[in-house]
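The values are calculated or read from the model by the stated rules, or taken from the named source; none is laboratory data. What you see is a predicted model; the values in this text were computed from it and never measured. Here the Cβ is made from the backbone with ideal geometry for all residues, glycine too, and neighbour counts use every protein chain on show. These accessible areas exclude ligands, DNA and RNA; they are computed on the full protein's heavy atoms, side chains included. Shrake-Rupley method; radii C 1.70, N 1.55, O 1.52, S 1.80 Å.
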Amino acid sequence: NNKFKGECKCGTPHLTEEEIKAAFISATNKVVQDRDDVIANLHEVQNEISDTTALELDEQRLINELNIVTELVEAAISRNARTAQNQKDYKKEYAELCARYDNLRAQVEAVQAAIKEKNLRRHKIGQFIAGIEKMPSQITEFDDAMWCYMVDHVTVYSKRDIRITFTSGTTIKA
């Protein structure tokens, strides 16, 4: 990829595994210092972002409408099979009903995806809360398991500016 060749070299800082581990320990200790406040805030956030009531009502409304459109399609097909009618008009009606059905189906899928995402987010925050509740008041050693359930991603701006984003959504400068 030539990022180390020529005059213009890659400016991204190189971090060792030990430096990343040290940044994680530092950021985690900052979270643990304010454990009670962090947990209280996370419970609040968890309750706010995980309320799917409105989405579930919207999903049910869309499913009901989808069922009605399905019945309309079936009725149009049945009517066309029983009664002689203008096929151009039938095809137009059928195409409109199918387009309406496809649109509703896409809306249902989008709402279901949003519900799933909110539930996943609630679960991740719950895992994070459970994890910091179990932690000692000071972390001195890197723990692979802790890293896996706590860290969403790490952003490196420079060797002195490393930010850990936890699965709770909280970002801490290490």
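Between a first residue in the stretch 32-55 that is in contact (Cβ under 8 Å) with a residue 24 or more places away in the chain and more than 15 Å from F128 (Cβ to Cβ) and a second residue that is aliphatic (A, V, I, L, M) and open to solvent by less than 90 Å² (accessible area, probe 1.4 Å), which pairs have beta carbons less than 9 Å apart while being 6 or more apart in sequence or on different chains? Close Cβ pairs satisfying both conditions: T52/A114; T52/I115; L55/V111; L55/A114; L55/I115.
Could you grab me the full set of residues in the stretch 107-150 that are part of a loop (DSSP other than H, G, I, E, B) and of a type in the set (F, W, Y)? Listed by number, the list holds a single entry, F142. Do we have E117 as closer than 23 Å to E44 by Cβ, at pLDDT 90 or above and among the acidic types (D, E) here? Criteria met by E117. Could you list, in sequence order, all residues of the stretch 81-111 that are in contact with an Asp or Glu (Cβ under 9 Å, 6 or more places away or on another chain) and among the polar types (S, T, N, Q)? Correct list: Q107 only. If I ask for residues that are surrounded by 12 or more Cβ atoms within 10 Å (Cβ to Cβ), within 28 Å of the chain's Cα centre (by Cα) and of a type in the set (A, V, I, L, M, F, W, C), which ones from the stretch 41-82 would you list? Selection gives L42, V45, I49, L55, L62, I63, L66. Limited to the stretch 97-141, what total is found for residues that are closer than 30 Å to E19 by Cα, free of Cβ contacts under 8 Å to residues at least 24 places away in the same chain and loosely packed, with under 14 Cβ neighbours inside 10 Å? Summing the residues that are closer than 30 Å to E19 by Cα, free of Cβ contacts under 8 Å to residues at least 24 places away in the same chain and loosely packed, with under 14 Cβ neighbours inside 10 Å in the stretch 97-141 gives 3.
Within the stretch 32-69, the set of residues being over 30 Å from S137 (Cβ atoms), touching a helix residue (DSSP H, G or I) at 6+ places or on another chain (Cβ under 7 Å) and of a type in the set (S, T, Y) comprises T52 only. Only one of the numbered conditions (1) under 21 Å from T155 (Cβ atoms); (2) within 25 Å of the chain's Cα centre (by Cα); (3) among the aliphatic types (A, V, I, L, M); (4) modelled with pLDDT of 90 or more is not met by A22, and that is (2). Of the residues making up the stretch 156-170, those that are in contact (Cβ under 8 Å) with a residue 12 or more places away in the chain and either outside any strand (DSSP E or B) or not charged (D, E, K, R) (or both) are V156, S158, K159, I162, I164, T165, F166, T167, S168, G169, T170.
Could you please let me know if Y94 is under 30 Å from V69 (Cβ atoms) and open to solvent by less than 80 Å² (accessible area, probe 1.4 Å)?
On the way: under 30 Å from V69 (Cβ atoms): yes; open to solvent by less than 80 Å² (accessible area, probe 1.4 Å): no.
Criteria not met by Y94.
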